[in-house]
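Every read-out reported here was derived from the displayed coordinates using simple, explicitly stated rules and does not represent laboratory data. Predicted model only: the values in this text are computed from it and were never measured. Here the Cβ positions follow ideal geometry from the backbone for every residue, glycine too, while neighbour counts run over all protein chains shown.
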Amino acid sequence: PQIRSVLGKRVTFSATATRDPQGSFAANALQLTSGSLSASGTASATGTDIQADIRGTLGDVSVLSPMVGVPVGGAVDFALTASGARTAPDFSVSADSDSLTASGRTVKTIKLAATGKADIANPAADVSLTGSVDDQPLDLRASLVTRDGMRSLNGLSLSLADNKVSGDLALDDTLLPLGTLTLEAPDIGPLAALAGQTAAGDVQGSIRLSSDGGAPTVAIDLTSGSISRGDLAAKTTAVNALVANYL
């Protein structure tokens, strides 16, 4: 049902398919168009291995708004390659956009890249995203690692201008994040603007995510030399808070 929002009223698909006596299958000259979505490429399967190379464009990402839960706009070019065992192929995904908007905020010169192994039991991926918000550089990086059945996000780092959030997070069986994030924001303004808020000042400290009997809990330990929002201002501030069952 979710994919229907991406497709237009009509879908056009064509391909040249071949199968040899050994059972190897190949689909060449793949072409798909529907609404603002267009894609082309090749795919093949030999024994237990697959290969795929798909490239395309989604000219109007607003069709994704129901899926992501906020109004979005813009266009994106994408590419996908996969090779290896059907059950755990190596993959590479990239997406580029000159400009995307979400809830009224605009991110420009976006480049998303992800490489890894699409193994349901032991997924792994290195993800990076760069862009620009109000002429300030945006950079997001993380590595999804699976070890002994436990999944984690290692080297998680989000920076906007001189502000940075970083840390390592484990993911429990329900994908609830557990761990500590460090916040260093000498100028909170760009981060606040990204969240649709207006604020000024500095904030630093930690945010600890945990589980209390299965209920998600967050402990906040922050300090600020000076911070303001609208007519409210404070100096030499410390915040220690515990939020239980924040979901």
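Quick look at the numbers
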{"read-out": "Global form of the range 108-194, assessed from the alpha-carbon gyration tensor, a/c cut-off 1.5", "value": "oblate"}
{"read-out": "Entries in LYS164/LYS235; LYS9/LYS164; LYS117/LYS164 that, when Cα-Cα distance is taken, lie over 32 Å", "value": "LYS9/LYS164"}
{"read-out": "Relative contact order %, the chain, counting alpha carbon pairs below 8 Å whose residues are six or more apart", "value": "8 percent"}
{"read-out": "Sequence-distant residues sharing a close amide H with ASP119 (under 5 Å, placed H)", "value": "ALA124"}
{"read-out": "PHE13/THR236 FRET efficiency (R0 51 Å; Cβ-Cβ; nearest 0.05)", "value": "0.20"}
{"read-out": "Max mean-square fluctuation residue, GNM over the chain, Cα-Cα springs under 10 Å, options GLN197, GLN136, GLN31", "value": "GLN197"}
{"read-out": "The range 1-133 - Rg over Rh from alpha carbon coordinates, Kirkwood radius", "value": "1.02"}
{"read-out": "Net charge of neighbours whose Cβ lies under 13 Å from the Cβ of ALA52, counting Lys and Arg as +1 and Asp and Glu as -1", "value": "-1"}
{"read-out": "Unit charges on C-beta of K, R, D, E only; dipole of the chain, Debye", "value": "660 debye"}
{"read-out": "Net charge of neighbours whose Cβ lies under 14 Å from the Cβ of LEU178, counting Lys and Arg as +1 and Asp and Glu as -1", "value": "-2"}
{"read-out": "Vicinal HN-Hα couplings computed from phi for the range 48-54 (Karplus, 6.51 cos²θ - 1.76 cosθ + 1.60; Hz; Gly/Pro x)", "value": "9, 9, 10, 9, 8, 9, 10"}
{"read-out": "Summed side-chain charge close to ARG86 - residues other than ARG86 whose Cβ falls under 13 Å, Lys, Arg +1, Asp, Glu -1", "value": "-2"}
{"read-out": "Note, ³J(HN,Hα) from phi for the range 11-18, Karplus 6.51, -1.76, 1.60, rounded to Hz, x at Gly and Pro", "value": "10, 10, 9, 8, 6, 10, 10, 9"}
{"read-out": "Förster radius 25 Å - calculated FRET efficiency between THR101 and SER228, Cβ distance, rounded to 0.05", "value": "0.40"}
{"read-out": "Estimated vicinal HN-Hα couplings, Hz - the range 95-106 in sequence order (Karplus 6.51, -1.76, 1.60; Gly, Pro = x)", "value": "8, 10, 8, 5, 6, 10, 10, 9, 6, x, 8, 10"}
{"read-out": "Å³ per residue enclosed by the Cα convex hull of the range 100-247", "value": "126 Å³"}
